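A quick write-up on the structure given underneath.
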Amino acid sequence: MNVLALILVIVGAINWGLIGLLDFDLVATLFGQMSTFSRIVYALVGLAGLWSITFLFNEKRKRTLE
């Protein structure tokens with residue numbers, strides 16, 4: 001699950017980088033502007049970002065236990 005979340009976060013980061021630098025939305029280009037599938041991709045990227053927050057706390061807890 002962590003690997004999938006990381007992949008989705010990377011996809012989201014690349015997409016936001018393209019939007020910021022080139023005004024190019026890769027997800028919308030591939031799947032259509034706010035089509036059902038692109039909305040699913042955006043939602044999954046958002047959920048993956050929330051899931052990835054746990055990575056911060058896991059590392060902090062590991063350092064505290066050492």
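Using Cα atoms only, what is the angle between the long axis of helix 36-65 and the major principal axis of the chain, expressed in degrees (0 to 90) to the nearest 10?
Taking the Cα atoms of the chain, the angle to 36-65 is about 20 degrees.
I'd like the distance separating the alpha-carbon centroids of the range 1-19 and the range 28-52, in whole Å.
Centre-to-centre distance over Cα atoms comes out at 10 Å.
What would the Debye formula give as log10 I(q)/I(0) at q = 0.16, 0.21 Å⁻¹ for the alpha-carbon point model of the range 2-65, no solvent?
One equal scatterer on each Cα of the range 2-65 leads to -0.58, -0.83.
Taking 0.36 nm per residue of separation and subtracting the Cα-Cα distance, what length does fully extending Tyr42 through Leu22 add?
Values: separation 20, 0.36 × 20 = 7.20 nm, distance 1.90 nm.
That works out to 5.3 nm of additional length.
Computed from the coordinates by the stated procedures, all read-outs in this text should not be read as laboratory data. Only a predicted model underlies this, so the values are computations on that prediction, with no experimental measurement involved.
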